[in-house]
Amino acid sequence: MNTIQHTGHTLTWEEHNPGDHTLIFLHGYSASRRSWSQVLPHFAPLGRCVTLDLPGHFPAQAPDDYDCLTQEQLLDLETNAVQQICPTGSITLIGHSTGGLVALGVASRLPDQVTRVISVDGVVWGPLTGLLGFAHFLLRRNLYPVFWALWRYTQLSPWAMMYGVSYYVHRQIDHYRNPLAWQLCYESHPWYRQQRLMSLAALLRMLEVCDIRPLITDLPTPVLALTGDRDPVVPREQAQWLAHNLPRANLRIFGDTGHAPQIEMADDCLRIMLDWLQAHPG
């Protein structure tokens with residue numbers, strides 16, 4: 001595990017295999033680098049695969065007084081990390097949810113180096129809906145103790161974490177029958193239970209007011225936008241906006257799928273991503 005320090009934050013990243021072209025994987029809100037563990041072997045033939053934290057997401061560390069984050073600060077932190085991970089050479093950014101927002105924002109800052117972006121249910125603007133929309137409401141009304149109690153429950157065990165994740169998918173019965181979902185929860189829980197909830201609240205407040213549309217309207221980078229048609233957190237209209245407004249964007253919508261097509265429709269999602277990468281050489 002490697003570390004990067006910037007403006008009081010420590011981000012961590014891990015290189016999983018070597019290669020000439022660098023693919024950097026960015027996880028979503030409240031997740032961790034381990035959320036990509038099952039797909040990394042499939043991307044290894046395409047280049048050097050690296051997983052990178054979001055600020056304040058364990059094992060990343062934040063300053064003791066960290067309770068506020070702006071969109072600009074988030075993109076500053078992540079752009080600095082990407083440049084340190086890959087000072088020269090071409091980069092592909094692959095992000096889920098908040099990681100999709102970061103991927104697009106960093107690509108707008110490094111258009112000569114980032115050659116491809118895959119955004120899986122990526123956040124484009126706030127506020128969010130569903131469970132995270134309710135969390136926005138709690139934090140806006142200064143009800144942090146209620147937010148803390150809800151998220152703390154999901155930290156108690158992999159089973160509780162699995163229950164929390166069920167609010168992000170569309171077909172909850174299938175979610176509990178999905179061995180990939182269980183495996184990811186068991187692998188991710190040791191880190192998730194150490195997550196500082198104040199750090200999650202800081203990022204969530206930013207997601208309520210974020211908007212990267214002004215930054216990416218003229219983004220020249222090829223973008224693949226993937227979304228579920230029943231996403232309860234990031235409405236599919238956000239991915240559709242990418243397809244309609246970015247000059248080199250492709251859109252794929254998964255039917256009867258929520259906020260995690262890489263888990264709910266794992267085989268189809270992986271195939272689409274790999275086919276698109278092959279069709280758009282880095």
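Values computed for the structure shown
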| read-out | value |
| --- | --- |
| Residue within segment 253-276 that is crowded, with 19+ Cβ neighbours inside 10 Å, touching a Gly at 6+ places or on another chain (Cβ under 7 Å) and hydrophobic (A, V, I, L, M, F, W, C) present | yes |
| Options 14, 78, 72; residue that is among the acidic types (Asp, Glu) and more than 22 Å from residue 195 (Cα to Cα) | 72 |
| Matching residues in segment 258-280 - criterion: being under 18 Å from the mean Cα position of the chain (by Cα) and charged (D, E, K, R) | 264 |
| Condition check for residue 91: of a type in the set (A, V, I, L, M), more than 30 Å from residue 131 (Cα to Cα) and out of contact with any Gly (no Cβ under 9 Å at 6 or more places or on another chain) | no |
| Subset of segment 113-161 [farther than 25 Å from residue 181 by Cβ and outside any helix (DSSP H, G or I)] | 113, 114, 115, 116, 117, 124, 125, 126, 127, 141, 142, 143 |
| Top-ranked residue in segment 43-62 [being of a type in the set (A, V, I, L, M, F, W, C) and not in a strand (DSSP E or B); ranked as nearest to residue 2 (Cα to Cα)] | 60 |
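Residues checked against (1) part of a loop (DSSP other than H, G, I, E, B); (2) touching a helix residue (DSSP H, G or I) at 6+ places or on another chain (Cβ under 8 Å):
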site: 19; (1), (2): yes, yes
site: 29; (1), (2): yes, yes
site: 41; (1), (2): no, no
site: 64; (1), (2): yes, no
site: 68; (1), (2): yes, yes
site: 78; (1), (2): no, yes
site: 88; (1), (2): yes, no
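All of the numbers you see were taken from the coordinates with simple rules; none came from a lab. Remember, it's a predicted structure, so these values are computed and weren't measured experimentally. Glycine gets a Cβ as well: all are built from the backbone with ideal geometry, and neighbour counts include every protein chain shown.
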